[in-house]
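The values are calculated or read from the model by the stated rules, or taken from the named source; none is laboratory data. Only a predicted model underlies this, so the values are computations on that prediction, with no experimental measurement involved. Positions of Cβ are backbone-derived with ideal geometry, glycine not excepted, and every protein chain shown enters the neighbour counts.
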Amino acid sequence: MPEFETYVDVDVDDFLSECSPREKEELIDALVEDGWVVRVAPKGVIPEERLPSIPEIEWQEMCNKLSTIRHMISFEDEETIKQILKKF
């Protein structure tokens, strides 16, 4: 069978503007799963609909950092975090 090779140059902005909301969520999910981005807005919420406050942004940044360094924290620090979470 003959083989064909094609190349299509698609601008990222053009691609995104043609995606449905569901396709955009799928793209975000894939980027999150691959570790390229961290989801800061709840799934299904367009960030402009609910702008986070500065304390919310700072809290999310701390949680993201904690998530990335969790394998480096001491057992004692991990137990402290667990104790804090048990309060709620």
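The table below gives the values:
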read-out: Any hit, the stretch 70-80, residues being modelled with pLDDT under 90, surrounded by 10 or more Cβ atoms within 10 Å (Cβ to Cβ) and more than 13 Å from the chain's Cα centre (by Cα); value: yes
read-out: Residues (of a type in the set (Asp, Glu) and under 28 Å from Trp36 (Cβ atoms)) located in the stretch 59-88; value: Glu61, Asp77, Glu78
read-out: Number of positions in the stretch 1-51 that are at pLDDT 85 or above, farther than 20 Å from Ser67 by Cβ and acidic (Asp, Glu); value: 10
